[in-house]
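Written out below as structure tokens is the structure these notes cover.
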Amino acid sequence: MLAFRTVASSCRRSLPTVAMFSRGFAAGSGKKVAVVLAGCGVFDGTEVTEAVSTLIHLSAAGYQASCYAPNTPQHHVLNHTTGEEMDAPRNTLVESARIARGKVADLGALDVSAYSALIVPGGFGAAKNLCNHATVAQGDSSKMFVNADLEKAILNFHAAKKPIGLCCIAPVIAAHVLKCRVTVGQAEGDKWPYGGTVGAISNYGGTHELRAFNEACVDKSNLVVTSPAYMYEGAPHEIHESVGAMVKAVLDML
């Protein structure tokens, strides 16, 4: 028990500070990309494979990744083994820190001038905690709401002509805010269970383009890049490839 307490105490003392966070995840070339998270876990937060794939692809390309998340309560918390809702409120920023190894900052503090690009991975948290697509709007543009700090970040990156990447369900946010071209993959097929999202994108003012799971949609005029990720019922390595297609296309714009 004493040994456990010693380790726990050591872990608490070594939690990252804001200064440590600002160094990012890799030495790289010094170019930095902001990554917006929405919790931790596919059903109520950011999809972990997509988030980790984003960080790996950025690191491999020599870019530093800095993670941000809203400092707000999650829409709800789900037991990922049963799908049942739990009476255990959680904070989106605190949960996102699980993915970012503690290195995460309040989305409201994101300064567009410090970064070359913005990336938003998917997961239901993107549609529940970053916007209300999954909970209220569900394709009704009059009811669609995007987290104010995220909307501000998207508009600021867009105004600065810096690329924005999104994957999985997150492209609905760009469709609503920027009225741009995006993809969530295919509208139908056995491995495309969320094909109905194509119609929602049109309702939000976006234009949907059909893509294979490992292809990115590039809207050059708006500097927006999207890919299907887990909108496709694929294996983990296929999702990693899908996210990689988005990340590569974003970095190719720099």
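Computed from the coordinates by the stated procedures, all read-outs in this text should not be read as laboratory data. Given the structure is predicted, the values throughout are model-derived calculations rather than measurements. As a convention, Cβ positions derive from the backbone with ideal geometry for all residues, glycine included, and neighbour counts pool all protein chains shown.
Some points to look at:
- Where Rh is the Kirkwood radius over Cα pairs, Rg/Rh for the range 48-183: 0.95
- The chain: angle of helix 2-13 to the longest principal axis, Cα-based, in degrees nearest 10: 60 degrees
- Shape summary of the chain, radius of gyration then Dmax from alpha carbon positions: 17.5, 60 Å.
- Highest mean packing comes first when the peptides 74-84, 32-42, 106-116, 243-253 are listed by Cβ atoms within 10 Å, giving 32-42, 243-253, 106-116, 74-84.
- DSSP beta bridge pairing in the chain, given as percent antiparallel to the nearest 5: 25 percent
- Here's the list of aspartates and glutamates a cross-link from Lys103 could span, going by alpha-carbon distance under 12 Å and ignoring same-chain residues fewer than 8 apart: Glu95.
- For the range 142-184 and the range 70-105, distance of Cα centres in Å: 22 Å
- The local environment of Gly125, defined by Cβ-Cβ distances under 10 Å, has a net charge of -2 under the rule Lys, Arg +1 and Asp, Glu -1.
- Taking amide H as placed 1.01 Å from N in the peptide plane, Cys67 has its amide H under 5 Å from the amide H of Val35, Ala105, each at least 5 places away in sequence or on another chain.
- Computed from Cα atoms, the angle from the helix 148-159 axis to the main principal axis of the chain rounds to 60 degrees.
- Residue-averaged [θ]222 nm for the chain, counting only DSSP H segments that reach four residues, each worth -39500 (n - 2.57): -9500 deg cm²/dmol
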